[in-house]
Amino acid sequence: MTRTMDVPADLREASAELVAATRALMLAAATTTADADTVRAARATIAELAETLGVRPRSRVLRPPFDGPSRSRDTGGREPWALFTHNPMGIPLEIHFGADEARARLVANALHEGPPDSVHGGFSAHLLDCMLGTLMQARGSRSLTASLDLRYLRRTPLDEPLDLYSRIVETEGRKTVAEGWIECRGERTVEARGVFVRVEE
Ligand SMILES: CCCCCCCCCC(=O)SCCNC(=O)CCNC(=O)[C@H](O)C(C)(C)COP(=O)(O)OP(=O)(O)OC[C@H]1O[C@@H](n2cnc3c(N)ncnc32)[C@H](O)[C@@H]1OP(=O)(O)O
């Protein structure tokens, strides 16, 4: 495992910029209307880049510090915690923490489509697991999701601001129950309830 703090700040910054550019490339590749020659030329350029970047790869993505979310929580929501800065597969979220709750805003795009013009249910589950799990982490608890129950109430639209929320419901021994939801234009589209179990490492 390589932690973000183990690499120089300049490389961290360059990596974050590369990952953001890669996400833009993923969207462009998935939605391009360029002609076949342009698409093939782009493929060749991308294959070359993959070769350049693929020399001596790490086995894992750069891992942010465990206490990053709790340091963000200590700012009282002023400084959000950014998720998936170094991983283009993750949907990037900037999470603002309160004591026992969190919120974030996101505009989902064509890459996240499930039903036509709507967010894929698996991506909604991913987003809500992030909202609940990162809130646990922000409270200093090393906990894993033991269960995550979802209710898809209505479709969650693409290309519109979505508000994501999570909050702690109760803690008993090693178990904490947390809930979260996604809203669009003030209406809930998805609700989640998760059980988190504290682990040693
Ligand atoms: C190190 C953390 C770093 C930060 C990571 C952020 C992660 C973000 C969120 C995730 O995506 S986590 C990834 C998906 N989750 C996993 O991979 C977890 C896989 N499952 C496990 O590792 C174990 O099953 C688990 C740690 C959840 C529980 O196993 P244990 O052997 O430690 O617990 P045990 O079976 O002794 O049960 C402990 C308590 O939890 C309860 N419990 C366990 N599974 C449950 C469940 N599914 N639903 C409700 N309660 C559950 C269990 O009944 C019991 O309650 P009581 O203490 O009241 O008796």
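Laboratory data are not the source of any read-out in this text; all were calculated from the coordinates shown. Note that this is a predicted model, so its numbers are computed, not measured. Positions of Cβ are generated from backbone atoms using ideal geometry, with glycine treated the same way; all protein chains shown enter the neighbour counts.
On a C-alpha basis, how far is the centre of region 49-80 from the centre of region 113-174 in Å? Whole number, if you could? Using only Cα atoms to place each centre, the spacing works out to 20 Å.
Of the peptides 130-138, 89-97, 5-13, the order by per-residue mean of other Cβ atoms within 10 Å, starting with the highest, comes out as 130-138, 89-97, 5-13.
The angle between the Cα long axis of helix 121-138 and the longest principal axis of the Cα atoms of the chain comes to about 60 degrees, rounded to the nearest 10. Highest mean first, the peptides 157-169, 21-33 sorted by other C-beta atoms within 10 Å per residue fall in the order 157-169, 21-33.
Other residues within the sphere of radius under 12 Å centred on the Cβ of ALA192, judged by their own Cβ, net out at 0 (K and R +1, D and E -1). Among VAL177, VAL107, VAL55, which one shows the highest mean-square fluctuation when the chain is modelled as a Gaussian network with alpha-carbon springs under 10 Å? Checking each option, the largest mean-square fluctuation is seen for VAL55.
Computed from Cα atoms, the angle from the helix 36-53 axis to the main principal axis of the chain rounds to 70 degrees. Adding -39500 (n - 2.57) for every DSSP H run of four residues or longer, then dividing by how many residues the chain holds, sets the calculated 222 nm ellipticity at -11000 deg cm²/dmol.
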